[in-house]
1. Among the listed residues Gly135, Gly143, Gly118, Gly153, which satisfies the condition of being touching a Leu at 6+ places or on another chain (Cβ under 7 Å) and either of a type in the set (Gly, Ala, Ser) or under 22 Å from Val69 (Cα atoms) (or both)?
2. Among what's in the stretch 168-202 and is among the aliphatic types (A, V, I, L, M) and at pLDDT below 95, pick the residue that is surrounded by the fewest Cβ atoms within 10 Å (Cβ to Cβ).
3. Val161 - would you say it is of a type in the set (A, V, I, L, M, F, W, C), without any contact (Cβ under 8 Å) to a residue 40 or more places away in the chain and more than 21 Å from Lys93 (Cα to Cα)?
4. Being of a type in the set (Gly, Ala, Ser) and not in a helix (DSSP H, G or I) is the filter; apply it to the stretch 43-74 and report the residue that is surrounded by the most Cβ atoms within 10 Å (Cβ to Cβ).
5. Does the stretch 25-40 contain any residue that is surrounded by 22 or more Cβ atoms within 10 Å (Cβ to Cβ), touching a residue at least 60 places away in the same chain (Cβ under 8 Å) and under 17 Å from the mean Cα position of the chain (by Cα)?
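The values are calculated or read from the model by the stated rules, or taken from the named source; none is laboratory data. Keep in mind that what you see is a predicted model, and the values were worked out from it rather than measured. Every residue, glycine among them, receives a Cβ derived from its backbone with ideal geometry; neighbour counts consider all protein chains shown.
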Amino acid sequence: MENRLAEIHRKTRETDVRLFLDLDREIGSGGEGPETIQTGIGFLDHMLILFARHSGFGLLVEAAGDTHVDCHHTMEDVGIVLGSAIAKAAGTKEGIARYGSAVVPMDEALVMVVVDLGGRPYYAGDAVFFGQRIGEMDTQMMGEFFKAVAFNGLFNLHIQVIRGGNDHHVAEAIFKAFGRALAAALTRDPRVQGVLSTKGVL
């Protein structure tokens, strides 16, 4: 059975991102924090730890960026690298379920995330936040982050906030639901021979 993992390093004039992803082994995602996920944006670290924990993936992230300007470049580039790692680790996608969905509550918030790993990148999200920031994270960057993940991961991603009031709760439900939906889509399904597509490729 192939090892489904990826290690990617992306360096630009604005950011330097290193990321390790293992789709089949949970490491460093149990809430240890700075030793395993360190982006320079505390709230993003918290969200990525939740994503790793609820997906069951092994995830290590180290990022340095121009956060003295704002969080835009760092969040977008972490999204680019995470998406690229998902695409690389998924490989040919033979034998996987391909589709995954999750509905996750967080107190008053309720979020649905749906994923299709069919190779057609698309992102649609309707999250609206009341505040401009959660901690040091710009809430406008949530959509940009997930768009970067989906387009570089080559998959279809829909995020719907069914209800919500507290920005932190909504964001937390989104990342947890994304982790669970992606894990479901990447699950090996013994009923699937080759790839789950009449085209024969994904």
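1. Exactly one residue qualifies, and that residue is Gly118.
2. Our first condition is that a residue be among the aliphatic types (A, V, I, L, M); within the stretch 168-202, this holds for 170-171, 173-174, 177, 181-186, 192, 195-196, 201-202.
The next check asks that each one be at pLDDT below 95; those that pass are 192, 195-196, 201-202.
Details: Val192: 16, Val195: 19, Leu196: 18, Val201: 11, Leu202: 20.
Residue satisfying both the conditions and the ranking: Val201.
3. On the way: of a type in the set (A, V, I, L, M, F, W, C): yes; without any contact (Cβ under 8 Å) to a residue 40 or more places away in the chain: no; more than 21 Å from Lys93 (Cα to Cα): yes.
When the stated conditions are applied, Val161 does not pass them.
4. Ala63
5. The answer is no, given that none of the residues of the stretch 25-40 is surrounded by 22 or more Cβ atoms within 10 Å (Cβ to Cβ), touching a residue at least 60 places away in the same chain (Cβ under 8 Å) and under 17 Å from the mean Cα position of the chain (by Cα).
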